[in-house]
Amino acid sequence: MAKYIVQGGQKLEGTVKVSGSKNAALPILCATLLTTEKSTIKNVPDIADIHSMIQLLEFLGCKVKFEKGTVEVDPKNLKNKSASMEGVCNMRASVLLLGPLLARFCKAKMSFPGGCILGKRPVDAHLSALEGLGAKVVDENDFIHMQATRLKGADVTMKEISVTATENAFMAATLAKGKTHIRLAAAEPHVQDLCRYLNKMGAKIKGIGTHDLQIQGVKKLKGATHTVTGDYLEAGTFAIAAALTNGKIKITGINPHDLDIVWNKFAEAGIEYKLDTNSITILPHGRLKNVSKIRTAVFPSFPTDLQAPFTVLLTMTPGESMVHETLFDGRLNYLAELEKMGAKFDILNPHQAIIYGPHKLKAAPISSWDIRAGAAMVLAALAAKGTTEISNIGFIDRGYDDLEGKLKKLGAKIDRV
Ligand code: EPU
């Protein structure tokens, strides 16, 4: 696997436009299967997970063209093959084929999805939501295998607020008979974007952006053109890069209010910023201040996907900071890498750690643990004194579109070898 070589200590300055959101583009590509007509999806990030998803769609019989950020999907010849190819196993998002295949064919069978090692990631919330719509689980040992005579609208209370389980539930409900009410729905910006695409296809989804979705099932959906929303997680990553190097970066192509809770933490740390309609500018700061706590939770709370990147900043703020990762039980693993760079912390349990700052990070050979921990390692390397080698960067390629190219334009010294 390729490595990054990063020479730290450069102040980052300039403007960066973020790419389309991975976590919006992946379910939207799956939702193109809900019709027989062609869809055109713009602003799709050029990342490994999107290429894996395109391979899966092609395996299922779709004609797919990906050029200059635009994906055209023609699902006319979609076949309900068991999606048991390797791709299903190595990407969590492949589970998002379940809802659309059930809606189109009333049966779906696939291998269990893999993905980042973030701790236990069951699919029970997916299965129970789809059971609520009338599907039956045929097998959940070797495969995920579900079928239904006809999906029927229903009152569904999600087992827990889960992004992809909510997406599967409402994708299936768009073609179910009658009205569905989904309570405890996830409301992340990428979930909202998928709803907007579905409504362009002719779906009738109300309550977008809330934890309460109402879906009036329709007989048929049509193809649609949609521009994927900007990646707020990539935006947060660049904002932290600016703060860590005490630079000035304008980040465009997002709704900055999607990250209000993160900007609150920036303010607590003494980092100034300027919000605009579609951008945020992070300004150079004076002495950093203590951030007592970050606690990840579902939107609009602090996103788990920015927990590792933000923790790098906490190694530079003074005093003790509590990191409370409420969602995943394997998302503090990367701290072992930060320790090699001189970070000081105590891990209290799989969900909580106390970071002691400020400690200047120094270069060391480190490794990526997952997509977001990988980005955190790049951030740590940008802030550290000396030259850091980061291995396993295939994880970063899964989720970030040309991270090194964008960072280079901002003045970073980063090379792929
Ligand atoms: N969970 C269950 N049962 C389920 C599903 C989830 O117990 O059936 C639990 C998980 O164990 C976890 C929590 O629910 O504690 C959250 O998982 P969720 O289902 O919300 O995560 P996901 O839908 O599998 C999406 C993103 C992740 C992101 C999480 C949380 C996509 C494709 N993936 O995963 O993104 O961390 O939501 O916001 O949208 C990433 O982009 O790097 C990434 C991992």
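Condition check ((1) within 18 Å of the chain's Cα centre (by Cα); (2) crowded, with 22+ Cβ neighbours inside 10 Å; (3) modelled with pLDDT of 90 or more; (4) away from the ligand (no atom under 15 Å from the Cβ)) across all residues:
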position	(1), (2), (3), (4)
Lys63	no, no, yes, yes
Val73	no, yes, yes, yes
Met85	no, no, no, yes
Leu96	yes, yes, yes, no
Leu101	no, yes, yes, yes
Phe112	no, no, no, no
Pro122	yes, no, no, no
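Could you check segment 284-335 and list, in sequence order, the residues that are within 12 Å of the ligand (Cβ to nearest atom), in a loop (DSSP other than H, G, I, E, B) and among the charged types (D, E, K, R)?
Result: Asp329, Arg331.
Would you point out which residue out of Ile354, Ile396 is assigned to a strand (DSSP E or B) and either crowded, with 17+ Cβ neighbours inside 10 Å or in contact with a strand residue (DSSP E or B) (Cβ under 6 Å, 6 or more places away or on another chain) (or both)?
Ile354 is the lone residue from the list that is assigned to a strand (DSSP E or B) and either crowded, with 17+ Cβ neighbours inside 10 Å or in contact with a strand residue (DSSP E or B) (Cβ under 6 Å, 6 or more places away or on another chain) (or both).
Just give me the residues in segment 174-188 being free of Cβ contacts under 8 Å to residues at least 60 places away in the same chain and either more than 16 Å from the ligand (Cβ to nearest atom) or surrounded by fewer than 17 Cβ atoms within 10 Å (Cβ to Cβ) (or both), in sequence order. Even if it seems obvious, please write down each step before you answer.
So in segment 174-188, the residues free of Cβ contacts under 8 Å to residues at least 60 places away in the same chain come out as 177-185.
Across segment 174-188, the qualifying residues are Lys177, Gly178, Lys179, Thr180, His181, Arg183.
Report, by residue number, each residue of segment 124-155 that is of a type in the set (A, V, I, L, M), open to solvent by 10 Å² or more (accessible area, probe 1.4 Å) and in contact with a Leu (Cβ under 8 Å, 6 or more places away or on another chain).
Matches in segment 124-155: Val137, Ala148, Ala154.
Hey, any hits in segment 27-34 for a residue that's surrounded by fewer than 23 Cβ atoms within 10 Å (Cβ to Cβ), touching a residue at least 24 places away in the same chain (Cβ under 8 Å) and more than 16 Å from the ligand (Cβ to nearest atom)?
Within segment 27-34 (the criterion being surrounded by fewer than 23 Cβ atoms within 10 Å (Cβ to Cβ), touching a residue at least 24 places away in the same chain (Cβ under 8 Å) and more than 16 Å from the ligand (Cβ to nearest atom)), the answer is no, since none of the residues qualifies.
Among the residues of segment 189-222, write down those that are open to solvent by 20 Å² or more (accessible area, probe 1.4 Å) and assigned to a loop (DSSP other than H, G, I, E, B).
Gly202, Gly207, Ile208, Gly209, Thr210, His211, Val218, Lys219, Lys220, Lys222
The values are calculated or read from the model by the stated rules, or taken from the named source; none is laboratory data. This structure is a prediction, so every number in the text was calculated from the model and none was measured. When we count neighbours, we look across all protein chains shown, and the Cβ atoms used for this are built from the backbone with ideal geometry, even at glycine. Just so you know, the surface numbers come from the protein's heavy atoms only, side chains and all, with ligands and any DNA or RNA stripped out. Shrake-Rupley method; radii C 1.70, N 1.55, O 1.52, S 1.80 Å.
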